[in-house]
Amino acid sequence: MQLGIDPASKHGFTNDAATLLMGDQTAAEWLATAEEVGDAVTAPAVLPTILPCAAQSPDSACAAEFIGTYGQRLFRRPLTADERARYEAHFASIAAEVEFPVALKWTLVGLIQSPHAVYRSELGEPGDGGHALTQHEIATALAYTYGGSTPSPELLAKAEQGALATPEARMAEASALLSTPRGKDVLHLFFRQWAKYPQVESKVKLDVAGFDDIRMRMIDETKRFVDEVVFAQDGDVRALLTAPYTVLDATLAQFYGFGQVAGDSAVVERPADWGVGLLAQGSVLAGQAHADSSSPTKRGLLVYDRLLCGPHIPPPMNIPAIDPPMPGAQTTRERYEVAHAGDPACQSCHQYFDPIGFGFEHFDAAGRYRADENGLTIDATGQAVDSKLVPLITFDGLGDMSSKLAELAQTTDCVSGLLANFAYGVEENCLAEEARTALQDGELGLREFYVELAASEHFVRRAE
C-alpha cells in the first residue's frame, strides 16, 4: 500500500497543514489504499482473528460491533449515535446483496474515506474567543506529534476519562510516546528534513571510488550522531553544533582519515581543526556540494536558511553557470568570488550566504578534510550578516563558525521556532515562547523542549 509523497513546506517539512491538500490523485490513492485494507482485513484467515463473531454469527450485530470498535480507531474518537446508525444502515444495504465479508469490506472502505478518518480534527468546542480542543483531539495530536501514528486504545481511553487536560499529563504522555521507536523516528524526521542530510543519498562524486556505499554510511552516521547528542545526552542546540565527536564505523573512519575504529559503531573524537558538530557531518558536507567540487553557496544557504532563518530569497529564473574547477590554478572560493561577488545582480543575494559557505572550504565535495586545495592555500574566513549586512559573527574555519553560531541567540531562536512549526504542523512565529526561552537559557535539551511543546496553549486551543 503506497500513498504519494506529501509536499514539503518552504523549510522542507512534509507535515505542514497548509500544503496537505486532497487533490484528485491523492483521493484516488486513498481509495485504492482503502480497498486494499478492506481486502486484507476481511480475508478468510484474518477476519475471525480481529472479529471473532464473524466466524460464529456473521450478522448485523456483529457488523455493529466492528463499526463501533474500528470506527473509533479510524475516527480517533467514539462514533456518534447518528454515525453508527448510518454506517450500520450502509452495511445492511450492501449485505442484502452480497455475503457478510464483502459487505463488511465496503463498510470499512467507507469509514476509511470519511473526512473524520482522513483529516485530524482540530475543531474543538467554541468559547472565550477561540476553540478548546476536545480530549480526543488532544489525544490525536499527542499520538501523531510524539508517536508518529494514530492514538492507541489506551490513549483514547484516557481521553474518554478526561485525563489529558493538564500540561503535566500531556507532557507525561508526550515523553512516554517519544521514548518508543516510532516516537524517536518522529524527532529524527525533523532532523532529516531540517538539516537535509539525506540528500547525500542522491549525490554522485566524481573520482571517489565506492561512494554509493559511503553515502549510505554517512546517513547512518548522522542518525547515530543525533541519537547520541539529542537522545543519549539530551543536548541542546549548542551541543548539536559543537559536539567534538561523531559516531561512525571503520569504513567511514578510514574514508575520512580518522584512523582505526573498532566495531560497527563507535563514538570517535574528531581530529583537531576538522570541524565539530552537525555541520561537520559528512552527509551534510557532501549533500550540499557538487559532484566535482564543494559549494560555498549550497553550504552557506543551509546555514542561512535552517540555522539563522534568514529571509527567503527566491533564485532567479536564469542562473548563470560558474566556471568549472581549475585544479591547481584557482580555489573554489576564488571561482565563486569571481562569479558572484563580481556581478552586482548575483552579489545582491549571494552576499548573505556565500561568505558563510567559505567557512566550509577545508572540506571537499565528498565531505573529507583537506589542508589545501590541490596545493593552493585555502581561505576559510567568512562572516554571517543580518538583513542590513551588519556582521553577526566572523570566523575562520568550520569549527570556529560552529562555535560562534552555537552562542548566537538567533540560532537557537531559529531552530526552536522551526521545531515548534514541525510539531504543530504550521508555519507561524511566536509559538511556545516560554519553552523557547527555556531552551535559549540552557534549561532544556532539544528532546525536553519538544516534550514541553505539549504543555503550550497552542497545543490545546485554536484562535477564531
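Derivation of every value follows stated rules applied to the coordinates shown; laboratory data play no part. In this text, all values refer to a predicted model and were calculated from it rather than measured experimentally. Counting neighbours? That spans all protein chains shown, and the Cβs are built from the backbone with ideal geometry, glycine included.
The separation of the stretch 378-426 from the stretch 205-284, counted between C-alpha centres, amounts to 21 Å.
Listing T332, T377 from fewest to most neighbouring C-beta atoms within 10 Å gives T377, T332. Exposure proxy shown here: for E373, E97, the number of other Cβ atoms within 10 Å sets the order, fewest to most, as E97, E373. The distance from the alpha carbon centre of the stretch 131-152 to that of the stretch 319-373 is 47 Å, rounded to a whole number. Computed over the chain, relative contact order equals 15 percent, with contacts defined as Cα pairs under 8 Å that lie 6+ residues apart.
For Cα Rg over 2.2 N^0.38 Å, the candidate list reads (i) 1.16; (ii) 2.14; (iii) 2.04; the entry that matches the value derived from this model is (i).
The stretch between E443 and A176 holds 94.1 nm of extra length on full extension. This uses 0.36 nm per residue minus the Cα-Cα distance.
One decimal place: the segment E125-T394 gains 91.7 nm when fully extended, by the rule 0.36 nm per residue minus the C-alpha distance. Among the lysines of the chain, pairs at least eight places apart or on separate chains and with Cα atoms under 24 Å apart come to 22. For the peptides 431-440, 355-364, the ranking by mean Cβ contacts within 10 Å, running from highest to lowest, is 355-364, 431-440. Estimated from helices alone, the mean residue ellipticity of the chain at 222 nm is -14000 deg cm²/dmol (sum of -39500 (n - 2.57) over DSSP H runs with n ≥ 4, per residue). Here the gap between R461 and S348, fully extended at 0.36 nm per residue and compared with their Cα-Cα distance, gives a gain of 36.5 nm.
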